[in-house]
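J.: Here it is, the structure, as structure tokens.
The values are calculated or read from the model by the stated rules, or taken from the named source; none is laboratory data. What you see is a predicted model; the values in this text were computed from it and never measured. Reconstructed Cβ throughout: ideal geometry from the backbone, glycine too, with neighbour counts over all protein chains shown.
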Amino acid sequence: MALPTYTSWNYRIWHYTYLTICGLVFFFLIAPLFVILPLSFNAEQYIHFSAGMIALDPDAFSLRWYEDMIWGTKNPWGLAAKNSIIIAFFATIGATILGTVAALGLSSRHMPHKAAFMAVLISPMIVPLIISGTAIFFFMAKVGLAATFTGIILAHIILGTPFVVITVTATLTGFDHSVTRAATSLGSNPVNTFMKITLPLILPGVISGALFAFVTSFDEVVVVMFLAGLENTTIPIQMWVGLREQLSPTIMAVATCLIIMSTLILVTAELLRRRSERLRGINR
Amino acid sequence: MSTEKILSSDGLPLEVSLKKAERKNKMKAMMLVAPLFLFILITYLMPIGDMLFRSVDDRMITKMLPNTFTSLEKWNGKNLPEEQVYAALYEDLSYLKKTKTYGKIIARLNYEKGGFSSLIKKTVRKLGKFEEGNYKSQFIETHKRWGDINYFIALRNVAPNWSYVKYLKGVDLKLDQDGNIIQQPEDRRIYKTLWLRTLKVAFWVTVFCFILAYPISHLLATLPMKYSNLLMICVLLPFWTSLLVRTSSWMVLLQQQGPINDFIVMLGLAANDNRPELMYNVIGTFVAMTQILLPFMVLPLYSVMKTISPSLMRAGKSLGGTPFVAFRKIYFPLTVPGIGAGSLLVFILAIGYYITPALVGGASGSLISNTIAYHMKSSLDWAFASALGAMLLAGVLVIYWLYNKLVGIDNIKLG
């Protein structure tokens, strides 16, 4: 932002101080993530920047921790990744379907006690995970689903639905209901109207909700900790176990992969958000 | 003059017909919400109810010593009980010995009054040698504590089906033998400190987040779109990144040989062999939680600031206000809804934080959630974990209610 020439010196000083503060805060936000990247390529076994790394000596860098992550004999990452993906996949599908359908109902102007229902359906996002974990564990143990994939998937559907409900209701706030009425008056049945008219229009919201649900499930550790047995360990659980013992370069390698994944998800979510705003005719 | 009723095409009065249509639409909307609502009700809300129930449920012991408790009902509580109480106790303990389940009552009784453990164990061991009749003297002969009235008072105290002792324990209180609520002995008061620390951490993390988020939200809201979109990534990338990844990056940064300590040594603020402990204490919890929760403050602030027209500030200045006055009297009051939304959200998330304090907090930086996890997984005192959980839940629900009143649930912003 260039300042107009008439601004006073006082204001100038204040303005540049302000920009510096902002810069520092952005640095504080983003820099910690980038500490991990170089350390995952460390040739040594320690988690600090060796002299060679600072001097950018190529010998100080290696891919050995990535090799260890993928082929390491006693490393559970392969199994954990498979489990995480299976759980997140089904949890996302479940949460997206349940959440989208509920959001359609909640956005109808005929829905009674809208705020109360909304508050209840969002609650799994607000209630501390440790409480959700405890409660869900009691339930799953009672119905015999503790330490099963079904149990974990159901738990993650619970935790994922609030995000879908929020994003889809947000998309539906600008929704022009006359298009569905037009479809109905032209003889379309409700299912057809939904599939051909409503869904394509709200799809960006649905997908971004699904992304949230996926990330929630993929990153969730507290509830899984209560529910998982040895054979249904997940990536977050393995990271949690590893971090409690000691920081290892292999964990840095896994973390780097996760950062790359979240970058891809962020880009997708942002593109979707813009598309959704365009579809709804919001120009910012 | 008679008013003619307007009829709809099927011959019904219009009013009835409209109501019917309205009801049909209402049903349709509710049918759509029903699947998720029932799912959440059964798998989530009812289990939370179950958890609350467990926190006051004390029926296990009541069921295991049924005869003893029935006979104690008639006891005056001033002298040692009559023979029949001892006879009932003999009957209950014999049954527990036969089914090998007496271990369960020991923990509960010992919690009520120390000394029960050895008392029950010794008595059960010698139960086989008891002769019929005159149980009172045989019991006292086996262990002199059976002649101590205080043990029977403790027994009577555990008789009811429901108990709120776990809640008292959660705030460092307990019941004395006459049923009065008293403070725990000085060296056993740990939970009040823990609650206060949790509130303190949540409060300060909220304040730090606010201080850091306000300037950058303002910058993001006032910069031209192409720059602000780029900077927004700095906010959104951490937001989308795994919590464990972010926590592990703080573990790297804050460790004794880590970059931050290197920097402190380089600046000469500390000696190389005397590096400050930045992790495994409350500092680590503060720093890491502030960074992790910062996006939750930025997003609501940003969306409010975005709606404030820059011409308002210009108007304020043109009317003679200094930039500071214009900010204080115009801009700041307009951002209060955003501050409220962000602060409540950050506070609500911070108060129940578990992962980050567990990894970087150490003993002095751990919060109430960590204690709940400890009692769930290690000490296996599920009733106490449930009671602590219920108290935390009550706090969170109050803030949630406040949030709903002030901000509205449907205004939660996600990215």
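J.: Can you pull out the residues in the range A:62-113 that are within 30 Å of A:MET225 (Cβ to Cβ) and in a loop (DSSP other than H, G, I, E, B)?
T.: Passing the criteria: A:GLY72, A:THR73, A:LYS74, A:ASN75, A:PRO76.
J.: Also, quick follow-up: Is it the case that B:THR206 is at pLDDT 85 or above, of a type in the set (S, T, N, Q) and assigned by TED's automatic domain parsing to the domain that holds B:TRP382? Steps first, answer last, please.
T.: On the way: at pLDDT 85 or above: yes; of a type in the set (S, T, N, Q): yes; assigned by TED's automatic domain parsing to the domain that holds B:TRP382: yes.
Yes.
J.: Next question, about the same structure. On the basis of being crowded, with 22+ Cβ neighbours inside 10 Å and either under 24 Å from B:GLY340 (Cβ atoms) or out of contact with any helix residue (DSSP H, G or I) (no Cβ under 6 Å at 6 or more places or on another chain) (or both), does B:LEU219 make the cut?
T.: On the way: crowded, with 22+ Cβ neighbours inside 10 Å: yes; either under 24 Å from B:GLY340 (Cβ atoms) or out of contact with any helix residue (DSSP H, G or I) (no Cβ under 6 Å at 6 or more places or on another chain) (or both): yes.
In short, yes.
J.: Only one of A:GLY105, A:GLY72, A:GLY133 is touching a residue at least 60 places away in the same chain (Cβ under 8 Å) and touching a Leu at 6+ places or on another chain (Cβ under 9 Å). Can you tell me which? Spell out the reasoning first.
T.: Values: A:GLY105 fails: touching a residue at least 60 places away in the same chain (Cβ under 8 Å); A:GLY72 fails: touching a Leu at 6+ places or on another chain (Cβ under 9 Å).
Among A:GLY105, A:GLY72, A:GLY133, only A:GLY133 is touching a residue at least 60 places away in the same chain (Cβ under 8 Å) and touching a Leu at 6+ places or on another chain (Cβ under 9 Å).
J.: When the residues of the range B:320-354 are filtered to those that are surrounded by fewer than 24 Cβ atoms within 10 Å (Cβ to Cβ) and of a type in the set (Gly, Ala, Ser), which remaining residue is farthest from the chain's Cα centre (by Cα)?
T.: Only one residue tops the list, namely B:GLY320.
J.: Counting just the residues of the range A:218-239 that are under 16 Å from the mean Cα position of the chain (by Cα) and under 14 Å from B:THR356 (Cα atoms), which one comes out farthest from the other protein chains (Cβ to nearest Cβ)?
T.: Looking at the filtered set, the residue picked out is A:GLU220.
J.: Against the condition surrounded by 13 or more Cβ atoms within 10 Å (Cβ to Cβ), out of contact with any His (no Cβ under 6 Å at 6 or more places or on another chain) and not assigned by TED's automatic domain parsing to the domain that holds B:ALA154, how does B:ASP50 come out, does it pass?
T.: Numbers: surrounded by 13 or more Cβ atoms within 10 Å (Cβ to Cβ): yes; out of contact with any His (no Cβ under 6 Å at 6 or more places or on another chain): yes; not assigned by TED's automatic domain parsing to the domain that holds B:ALA154: yes.
Here the answer is yes, as B:ASP50 does meet what is asked.
J.: Separate question: Can you tell me how many residues within the range B:51-72 are closer than 27 Å to B:LYS136 by Cβ and of a type in the set (Phe, Trp, Tyr)?
T.: Number satisfying all stated conditions: 1.
J.: Check B:LEU194, B:LEU237, B:LEU212 and return the single one that is modelled with pLDDT under 95, within 23 Å of B:TYR302 (Cβ to Cβ) and in a helix (DSSP H, G or I).
T.: On the way: B:LEU194 fails: within 23 Å of B:TYR302 (Cβ to Cβ); B:LEU212 fails: modelled with pLDDT under 95.
Just one listed residue meets the conditions, B:LEU237.
J.: Okay, moving on. Pairs, please: C-beta under 7 Å, at least 6 apart or cross-chain, first residue farther than 16 Å from A:TYR46 by Cα and in the range A:234-245, second among the acidic types (Asp, Glu) and surrounded by fewer than 24 Cβ atoms within 10 Å (Cβ to Cβ)?
T.: Listed by first residue and then by second, the contacts come to A:PRO236/A:ASP219.
J.: Scan the helices (runs of 4 or more DSSP H) fully inside the range B:240-315 and keep the ones with 2 or more residues being under 22 Å from B:THR198 (Cα atoms) and more than 13 Å from every other protein chain (Cβ to nearest Cβ).
T.: Working: elements: B:243-254, B:259-266, B:282-305.
The qualifying helices (runs of 4 or more DSSP H) are B:282-305.
J.: Going by what's in this entry, would B:THR70 be described as crowded, with 18+ Cβ neighbours inside 10 Å and not in a loop (DSSP other than H, G, I, E, B)? Even if it seems obvious, please write down each step before you answer.
T.: Numbers: crowded, with 18+ Cβ neighbours inside 10 Å: no; not in a loop (DSSP other than H, G, I, E, B): yes.
For B:THR70, the condition - crowded, with 18+ Cβ neighbours inside 10 Å and not in a loop (DSSP other than H, G, I, E, B) - is not met.
J.: List, please: which pairs have Cβ atoms under 8 Å, are six or more places apart or on different chains, and start with a residue in the range A:199-213 that is of a type in the set (Phe, Trp, Tyr) and end with one that is surrounded by fewer than 24 Cβ atoms within 10 Å (Cβ to Cβ) and not in a helix (DSSP H, G or I)?
T.: A:PHE212/B:LEU414
J.: Would you pick out the residues in the range B:129-164 that are without any contact (Cβ under 8 Å) to a residue 24 or more places away in the chain and either in contact with a strand residue (DSSP E or B) (Cβ under 6 Å, 6 or more places away or on another chain) or at positive phi (or both)?
T.: B:GLY133, the sole residue that qualifies.
J.: Considering only the range B:87-130, state which residues are among the β-branched types (Val, Ile, Thr) and surrounded by 15 or more Cβ atoms within 10 Å (Cβ to Cβ).
T.: B:ILE105, B:ILE106, B:ILE120, B:THR123, B:VAL124
J.: Quick one: which residue in B:SER55, B:SER8 is more than 7 Å from every other protein chain (Cβ to nearest Cβ) and over 36 Å from the mean Cα position of the chain (by Cα)? Before you say what the answer is, go through the steps one by one.
T.: Values: B:SER55 fails: over 36 Å from the mean Cα position of the chain (by Cα).
Residue meeting the stated conditions: B:SER8.
J.: Continuing with the same structure: Examine the range A:45-60 for a residue that is closer than 28 Å to B:TYR354 by Cα, more than 7 Å from every other protein chain (Cβ to nearest Cβ) and either touching a Phe, Trp or Tyr at 6+ places or on another chain (Cβ under 7 Å) or of a type in the set (Asp, Glu) (or both), and state whether such a residue exists. Before the answer, list the steps.
T.: Step one: filter the range A:45-60 for residues closer than 28 Å to B:TYR354 by Cα, giving A:46-48.
Among the residues that remain, those that are also more than 7 Å from every other protein chain (Cβ to nearest Cβ) are: A:46.
With either touching a Phe, Trp or Tyr at 6+ places or on another chain (Cβ under 7 Å) or of a type in the set (Asp, Glu) (or both) added as a condition, the list becomes none.
No, because not a single residue in the range A:45-60 is closer than 28 Å to B:TYR354 by Cα, more than 7 Å from every other protein chain (Cβ to nearest Cβ) and either touching a Phe, Trp or Tyr at 6+ places or on another chain (Cβ under 7 Å) or of a type in the set (Asp, Glu) (or both).
Residues checked against (1) surrounded by fewer than 19 Cβ atoms within 10 Å (Cβ to Cβ); (2) at pLDDT 90 or above; (3) of a type in the set (S, T, N, Q); (4) out of contact with any helix residue (DSSP H, G or I) (no Cβ under 6 Å at 6 or more places or on another chain):
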position: B:VAL298; (1), (2), (3), (4): no, yes, no, no
position: B:SER303; (1), (2), (3), (4): yes, no, yes, yes
position: B:THR307; (1), (2), (3), (4): yes, no, yes, yes
position: B:PRO310; (1), (2), (3), (4): yes, no, no, yes
position: B:ARG314; (1), (2), (3), (4): yes, no, no, yes
position: B:THR356; (1), (2), (3), (4): no, yes, yes, no
position: B:GLY362; (1), (2), (3), (4): yes, no, no, yes
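J.: I need the helices (runs of 4 or more DSSP H) fully contained in the range A:120-210, keeping only those with at least 2 residues that are more than 23 Å from the chain's Cα centre (by Cα) and within 11 Å of chain B (Cβ to nearest Cβ). Reasoning before the result, please.
T.: On the way: elements: A:129-142, A:149-173, A:178-185, A:190-193.
The helices (runs of 4 or more DSSP H) meeting that bar are A:129-142.
J.: Sort through B:ILE42, B:ILE105 and tell me the only one that's aliphatic (A, V, I, L, M), in contact with a Phe, Trp or Tyr (Cβ under 9 Å, 6 or more places away or on another chain) and free of Cβ contacts under 8 Å to residues at least 12 places away in the same chain. Outline the logic, then answer.
T.: Values: B:ILE105 fails: free of Cβ contacts under 8 Å to residues at least 12 places away in the same chain.
That would be B:ILE42, the only listed residue that is aliphatic (A, V, I, L, M), in contact with a Phe, Trp or Tyr (Cβ under 9 Å, 6 or more places away or on another chain) and free of Cβ contacts under 8 Å to residues at least 12 places away in the same chain.
J.: Sort out which residues of the range A:85-102 are without any contact (Cβ under 8 Å) to a residue 12 or more places away in the chain, more than 18 Å from A:THR173 (Cα to Cα) and crowded, with 19+ Cβ neighbours inside 10 Å, and write them in order of number.
T.: none
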